[in-house]
Structures are given as C-alpha cells and as structure tokens.
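This report concerns only the one structure given below.
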Amino acid sequence: MNVFTYGSLMFDQVWRRVVSGSYRRAEAALAGHHRRAVRGETYPGVIAAPGGSVEGVVYFDVTESDLARLDDFEGDPYERRSVMLAVAGEPIPAEVYLIRDPELLESDSWDVAGFERSGIFEFLANYCAPRGL
C-alpha cells in the first residue's frame, strides 16, 4: 500500500523511527485538500478543501505491519483514507491520514521550512522519544 505523508513523516528522522522497512519514495501532490498547523503543536493536519493542493512525499508498497505502526503513531486525531495522488503527473492510489476535527486546526498553513529548521527537534523530543521511537 502507498502512503502519502505531508507533515512530520515526510522527514527521514521521523519516518525511520516509526517504520521498520525501507521504502522507495517520491514527491507527490494531493489535490482538493489543504494543510494547516494544528493549534499549539509543531505538526499539521490536512482537511478537504476544494481547489487546494498539498505537497508531500509518498512511500510505495508499505507493509501491513508498518501500516499498523503508522496507524498507532497517528492515533485517534487522524483517520486513514484512500485517495488519489499525482506523482510526476500520473495518478496513483495511496492512503493518507486526515484530521478528524477541523476545529483543531489553525487558519494558517503549516510552516514546512520552520519545522525542518527547528520544529523537528521539538517534535522528536516530545512525540518520538516518549514513545521509545
């Protein structure tokens, strides 16, 4: 199964802590959605938004055991859904974790560069380390 990531899991430092396998990856886009910051957190959520588009990374052929790890990692605030992505202009099916409650989101887009620059360190300390990841 292909898995589209648009937040912390786009980054190898997080992805490799959550899954046990090694996967081919590519840049991808999810049309009809918008990525926003989660209130008070360093990570984002994605919701349906006509005309929107979210850039991210797709991992190919993720195993069932690693998909279960991802389900646990994402937890109750997110639900996994099947979507179609664009990869190099070609449509491919994938799973994505969408935020269940849009009220948890800020009105602003998530700052990918800010996360990469400094937010990732806070994320690793607050979310990965306590889980033994």
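Residue-by-condition table, conditions (1) of a type in the set (Ser, Thr, Tyr); (2) touching a residue at least 40 places away in the same chain (Cβ under 8 Å); (3) not in a helix (DSSP H, G or I):
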{"residue": "54", "(1), (2), (3)": "no, yes, yes"}
{"residue": "72", "(1), (2), (3)": "no, no, no"}
{"residue": "94", "(1), (2), (3)": "no, yes, yes"}
{"residue": "103", "(1), (2), (3)": "no, no, no"}
{"residue": "126", "(1), (2), (3)": "no, yes, no"}
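Tell me, yes or no, whether the range 73-81 has at least one residue that is hydroxyl-bearing (Ser, Thr, Tyr), buried (at least 17 other Cβ atoms within 10 Å of the Cβ) and within 17 Å of residue 133 (Cβ to Cβ). Checking the range 73-81: at least one residue is hydroxyl-bearing (Ser, Thr, Tyr), buried (at least 17 other Cβ atoms within 10 Å of the Cβ) and within 17 Å of residue 133 (Cβ to Cβ).
Pull up the range 11-37, narrow it to residues that are of a type in the set (A, V, I, L, M) and touching a helix residue (DSSP H, G or I) at 6+ places or on another chain (Cβ under 8 Å), then point me to the one that is nearest to residue 55 (Cα to Cα).
Step one: filter the range 11-37 for residues of a type in the set (A, V, I, L, M), giving 14, 18-19, 26, 28-31, 37.
From the residues that got through so far, the ones that are touching a helix residue (DSSP H, G or I) at 6+ places or on another chain (Cβ under 8 Å) too are 14, 18-19.
On the way: 14: 18, 18: 21, 19: 21 Å.
Filtering the range 11-37 for residues that are of a type in the set (A, V, I, L, M) and touching a helix residue (DSSP H, G or I) at 6+ places or on another chain (Cβ under 8 Å), the one nearest to residue 55 (Cα to Cα) comes out as 14.
Note on the range 85-112: among residues that are within 15 Å of the chain's Cα centre (by Cα) and more than 21 Å from residue 68 (Cβ to Cβ), the one that is modelled with the lowest pLDDT is 109.
Being at pLDDT 95 or above and either surrounded by fewer than 16 Cβ atoms within 10 Å (Cβ to Cβ) or more than 19 Å from residue 113 (Cα to Cα) (or both): is that true of residue 25 here?
Numbers: at pLDDT 95 or above: yes; either surrounded by fewer than 16 Cβ atoms within 10 Å (Cβ to Cβ) or more than 19 Å from residue 113 (Cα to Cα) (or both): yes.
Yes, satisfied.
Which residue pairs have Cβ atoms closer than 8 Å, lie 6 or more positions apart in sequence or on different chains, and pair a first residue in the range 58-69 that is more than 16 Å from residue 7 (Cα to Cα) with a second residue that is basic (Lys, Arg)? Between residues of the range 58-69 that are more than 16 Å from residue 7 (Cα to Cα) and residues that are basic (Lys, Arg), the close pairs are 60/24; 60/25; 61/24. Among the conditions (1) farther than 19 Å from residue 133 by Cα; (2) basic (Lys, Arg); (3) surrounded by fewer than 17 Cβ atoms within 10 Å (Cβ to Cβ), residue 35 misses just one, which is (3).
The lone criterion from (1) at pLDDT below 95; (2) over 21 Å from residue 127 (Cβ atoms); (3) crowded, with 20+ Cβ neighbours inside 10 Å left unmet by residue 42 is number (2). Filter the range 82-105 for residues that are of a type outside the set (D, E, K, R) and in contact with an Asp or Glu (Cβ under 9 Å, 6 or more places away or on another chain); which is surrounded by the fewest Cβ atoms within 10 Å (Cβ to Cβ)? Checked the range 82-105; the qualifying residue surrounded by the fewest Cβ atoms within 10 Å (Cβ to Cβ) is 88.
Going through (1) under 24 Å from residue 24 (Cβ atoms); (2) surrounded by fewer than 13 Cβ atoms within 10 Å (Cβ to Cβ); (3) out of contact with any Ser or Thr (no Cβ under 9 Å at 6 or more places or on another chain); (4) among the hydroxyl-bearing types (Ser, Thr, Tyr) one by one, residue 65 falls short only on (3).
The residues of the range 105-124 that are aliphatic (A, V, I, L, M) and in a strand (DSSP E or B) amount to a single one, 105.
The values are calculated or read from the model by the stated rules, or taken from the named source; none is laboratory data. None of the values given here were measured: they were computed from a predicted structure. Ideal geometry is used to build each Cβ from the backbone, glycine not excepted, and the neighbour counts take in all protein chains shown.
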